[in-house]
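Working notes, structure below.
Read the figures in this text as sums done on the coordinates, not as results from a lab. Here the structure is a predicted model, which means the values were calculated and not measured. We place every Cβ from the backbone using ideal geometry, glycine too, and count neighbours over all the protein chains shown.
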Amino acid sequence: MAMSEKSAGSRILLMNTLAFTVCFAVWTMYGVLITFLVDNRILILDKSQVGLLIGTPILTGSVMRLPIGILTDRLGGKAVFLGVMLFSAGAVFLTSFASGFTALLVCGLLFGISGASFASGIAYTSLFFPKEKQGAALGLFGMGNVGAALTTLGAPTLLTKLTDGGKNPEGWRQLPMIYAGMLVVVAALFAIFAVNKKSEGAGQRKLGDMLKPLREVRVWRFGLYYFLLFGGFVALAQWLVPYYLNVYGMSLATAGFLATAFSLPSALTRAAGGFVADRIGARTTLYWVLSGCTLIFLLLTAPRMDIHSPGEGIMAVSGGSVTSVAPDKVIVGQKAYDLKQAPTAEAAQPEGALILPTFQSWQEPAVQVGQTVKKKELVARGVTHVYFQANQWVFTVLVLMAGLLMGVGMAAVYKHIPVYYPKDVGAVGGIVGVIGGLGGFVCPIIFGYFLKLVGVWTTCWLFFAVLAILCLVWMHASILKTGREQDRLASQTKAQV
C-alpha cells in the first residue's frame, strides 16, 4: 500500500508540474506577443496600454488564486486543475481572433486564470506527501515557473517563423492557437493519469471556516515574504529587459537573453529550495535567503555615476598680488603654490572591467594675474571626479545570485503552509499566492513611478532592499514572540506540577 501511495504521489507531482509549466507559459505569453505586435507596428498602442495588456493576465491569475485554492480543497485538485486548463485553452484560443486593444484586454483577462493553477497545484500536491517531504515536493512542483523562460526563449523565434520573418504579419494569430493546443493535450493527459483527492473533511466545512485562518497575522506575513520573493521574481523577469537597454545600452536580443538567464535558473532552484527547507527547516532557509537578498540588493543600489564634485582646494597662507597663473602653479607675491593637474582625457574616463568606484582629484586656478589675494582666500579650487562603472557583468552575476536565492525562498515559504495549516492549504496557499502574484503586477508600476520621480534606475533595488529588511525584522520579531510564549507556558506548566 505504501508503495502504491508513493507511486501515486510521484505521478501526481509529475502531472501537476507539467500542467503548471504549460499554464505558466500561457500566463506570460502577452509579455512576448504584445511586444512583438507593437514593435512590428501590427498594433498601435501607447506605453500605458502596452503595460496594461501585459499586466492584465498577471493580475487575473493573482486574484483568482484564493477562490481556486478554496475550490481545490472542496472539490479536489483533479477537477479544478482540469477546469482551469480547459477554460484557459478556450480563452487563449479566442485571442487568435482578437483585433484591437479592447478585445486583447478581455482575452488576457480570461486566460490569465491560468496563473491561478498554482494555488490548485500546491493544495493538490501536498495531499500526496507526508510533512517531512512536502517541502521537496512543493519545490519540484514550483519548477513550473520555468514556463516563463520557455515563453521568453521560444515564443519570439516561433513568431518570426509564423510571420515568415515579417512577410505575413497576420501569422501571429497561430501562436495563441498553439498555446491552446498545448493546454488541451496536457489536460487530456491529466484526465487520464491524475487521481482526485480532497482535503480531509473539506466537503463538510463551511466557507467561513475555510477562510478563518486568513484572520491570522502569520498568513499575511507569509504573503509579504512571497510578495518579495515571487512577486519580485516575476517583476524582474519583465523589468530587466528595459533595465539592460537603458542602463547598459545593450541590444534587445542580448537584454532578452540575460533576462532569461535570470528567470530560468531561479525557477529551477525552487526545487532545491524545497529539499533545503526539508533538511534545515523553512525558517532557517528564509533567514539565509532574506539576509543574502538584502546584501545583494544593497550592493545593486549604487547607480552608474560620473560625478564632478568640489574637492580639496588651496588657500593663500599670506596676502599679496597674483603675479603668475598656470595650470600647474600659481604665484602670489613671493609664494608659489603647486597645483595638482587634471588627468588626461583617457585617464579621466576609465573604462574596462572596473568593479569599485574610482576617485580622481585635481586643482584649478581660482585667481587671475594682478588680482589682490588676502590671507586664507582661495587660490585654487579643488575638483574630485567620482566614476562608478557599475560593471555590467558584475551586475549580471549579482542579479543571478539574487534570483537563485529568490527561487530557494519561494519553496521555503510554501513549506510553512502545510505545517501550520494542514487542512487549509488551498485557502492559505491561495491568499499567499494572491499577494505574491500582485507583487508581480504592482512592482513594475512602483519601479516606473520611482524612476520617473528620481530619474535613477537603481531605485528598484533600494525598494527591494527595504522590503527584504522589513521581512527579516518581522520574521525575527515573530520568532522571538513565539519563543517568549513557549517559555511562559513551560513555566506555568512547571509551576502547576
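A few remarks follow.
- Each residue in Phe359, Phe233 was given a count of other beta-carbon atoms within 10 angstrom of its own, and listing them fewest first yields Phe359, Phe233.
- Relative to the dominant Cα principal axis of the chain, helix 146-162 is inclined by about 80°.
- Relative to the dominant Cα principal axis of the chain, helix 29-39 is inclined by about 50°.
- On Cα atoms only, tilt of 392-420 relative to the major axis of the chain in degrees: 30 degrees
- Ranking of Arg215, Arg283 by count of other Cβ atoms within 10 Å, fewest first: Arg215, Arg283
- Two-decimal log10 I(q)/I(0) for segment 73-228, as the Debye equation yields it once each C-alpha is a single scatterer, q = 0.11, 0.14, 0.17, 0.21 Å⁻¹: -0.59, -0.89, -1.17, -1.45
- Of Thr323, Phe359, Ser309, farthest towards positive along the dipole that unit charges on Lys, Arg, Asp, Glu beta carbons give segment 309-388: Thr323
- Segment 309-388 - charge dipole about Cα centre, Lys and Arg +1 at Cβ, Asp and Glu -1, debye rounded to 20: 460 debye
- Estimated vicinal HN-Hα couplings, Hz - segment 279-295 in sequence order (Karplus 6.51, -1.76, 1.60; Gly, Pro = x): 7, 10, x, 5, 5, 5, 4, 5, 4, 5, 5, 5, 5, x, 5, 4, 4
- Our compactness index for segment 309-388, the C-alpha radius of gyration over the empirical 2.2 N^0.38 Å, is 1.29.
- Residues whose amide H lies under 5 Å from that of Ala380, counting only those 5 or more places away or on a different chain, are Ile314, Ala366; hydrogens are built 1.01 Å from N in the peptide plane.
- Sites Ile469 and Thr396, calculated FRET efficiency, Cβ-Cβ separation with R0 22 Å, nearest 0.05: 0.40
- Panel order for Cys23, Cys471, Cys293, by other beta carbons found within 10 Å of each beta carbon, from fewest to most: Cys471, Cys293, Cys23.
- Calculated from backbone phi, Karplus (6.51, -1.76, 1.60) coupling profile of segment 327-337 in Hz, x at Gly/Pro: x, 10, 7, 10, 10, 10, x, 9, 9, 9, 10
- When the helices of the chain are scored as -39500 (n - 2.57) per DSSP H run of n ≥ 4 and the total is divided over every residue, the value at 222 nm lands at -22500 deg cm²/dmol.
- Charged-residue dipole, Cβ positions (Lys, Arg, Asp, Glu), the chain about Cα centre, Debye nearest 20: 1380 debye
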